[in-house]
1. Filter region 81-117 down to the residues that are within 16 Å of the ligand (Cβ to nearest atom) and β-branched (Val, Ile, Thr), then identify the one that is modelled with the highest pLDDT.
2. Within region 309-324, which residues are more than 18 Å from residue 206 (Cβ to Cβ) and surrounded by 22 or more Cβ atoms within 10 Å (Cβ to Cβ)?
3. Criterion first (within 16 Å of the ligand (Cβ to nearest atom) and under 20 Å from residue 330 (Cβ atoms)) does residue 218 satisfy it?
4. Would you please name the residue that is nearest to the chain's Cα centre (by Cα), looking only at residues in region 118-131 that are surrounded by 16 or more Cβ atoms within 10 Å (Cβ to Cβ) and either part of a loop (DSSP other than H, G, I, E, B) or within 14 Å of the ligand (Cβ to nearest atom) (or both)?
5. In region 42-87, what count of residues is obtained for those that are in a loop (DSSP other than H, G, I, E, B) and in contact with a Ser or Thr (Cβ under 6 Å, 6 or more places away or on another chain)?
6. Just one of the numbered conditions (1) surrounded by fewer than 18 Cβ atoms within 10 Å (Cβ to Cβ); (2) at pLDDT 95 or above; (3) acidic (Asp, Glu) is not true of residue 327; which one?
7. With the checklist (1) more than 30 Å from residue 144 (Cβ to Cβ); (2) acidic (Asp, Glu); (3) buried (at least 20 other Cβ atoms within 10 Å of the Cβ) in hand, flag the one item residue 80 doesn't pass.
8. Going residue by residue through region 308-326, is there one that turns out to be over 27 Å from residue 209 (Cβ atoms) and basic (Lys, Arg)?
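The values are calculated or read from the model by the stated rules, or taken from the named source; none is laboratory data. Here the structure is a predicted model, which is why all the values come from computation and not from measurement. Every residue, glycine as well, gets a Cβ built from its backbone with ideal geometry; the counts of neighbours run over all protein chains shown.
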Amino acid sequence: MRALKVATLLITLGSVMFAMTSCGAVGAPTETLGASQREQFASLEALSAIDLDPGVRPSVVATTSVVADVTQHVGGEWIELTALIPPGSDPHTHELSPGDLRAVAQADVVLLNGLGLEAALMTSIGQAAEGVPLISLSEGIEGLRFDSLEAEAHTDHPEEGQVDPHVWLDPLLVKVWVERVKDVLSALDPAHADVYGRNAAAYLQTLDELDQWIRAEVGRIPASRRILVTDHHALGYFAARYGFEIVGAVIPAYSTAASASAQGLAELVEVLEARQIPAIFVSTTINPRVAARLADDTGALTVPLYIGALSDPEGPAGTYLDMMRADVQAMVAALGDS
Ligand SMILES: [Zn+2]
């Protein structure tokens, strides 16, 4: 019975892999978060005030929709902001258009999540951004790492994807971003440093309120049910902050550019059944077929979460704050006492 289930899973997995490869997602080059990528990031000290003609605002490019939303809260009406990765697109595998690269080339600064999230984009961004500073907002955040063995088992390049880039799923780590955006904008545009400072202070308070709200909501889930299974390992920082246990992932890696393995899926089925896990959380940006198949076989539900990208502005996760509220409410609905 179990052999049959795994066999059908493998067929599903094979067809999903084929579909992803044929649209270019899996074949996208990924780079290591090694010295070459770190060297591409500029330090804060390297930034200086830019010459702005009257009425011209600093041109800021942000990689993800989450980075863009946080940046907009600090920059307000005083920056010209462009987001590269649109709502609904997976940041691990997104490919930039020539228009995106022109925006990078013409920017005063490019703000990135860092920690390897944009690995698939770094070569093209690096080439387009000649002379444009690239700033990692996560500089100074100590990234979560796999305990060596699991990471090595699932990647051809030991260094690739070893650091968890999903820091934004912990609002208290987003406070580090906010301070950094404020410092970057103030360095480039010191005439508006006080506005950036006020905007940042207000948003920092909102993030504290979000954190308190999440703690209260999570309190509605019995401790024994604070268990997360996801499509890839995206909720490490969230779990660490709010006391959840992560028991597995369909793709046991920090990037959706990695792949599921037959053995890993078989083990995950056993865990789902043995612990009667009620839900598999799947990113809205990736194909849920394998997760749906696992859910069908084990009696779990698949529950969509906004992970790597916001929704359209009029959707349920049009801002970072709304995204976190929507995700936590989905978790409470799936895991809480009904
Ligand atoms: Zn991810």
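1. In this case the residue turns out to be 85.
2. 309
3. no
4. 118
5. Step one: list which residues in region 42-87 are in a loop (DSSP other than H, G, I, E, B), which gives 42-43, 47-58, 63-64, 79, 84-87.
From what's left, in contact with a Ser or Thr (Cβ under 6 Å, 6 or more places away or on another chain): 84-85, 87.
Here the count works out to 3.
6. Residue 327 satisfies every listed condition except (1).
7. The number of the failed condition is (3).
8. Residues of region 308-326 over 27 Å from residue 209 (Cβ atoms): none.
Scanning region 308-326 turns up no residue that is over 27 Å from residue 209 (Cβ atoms) and basic (Lys, Arg).
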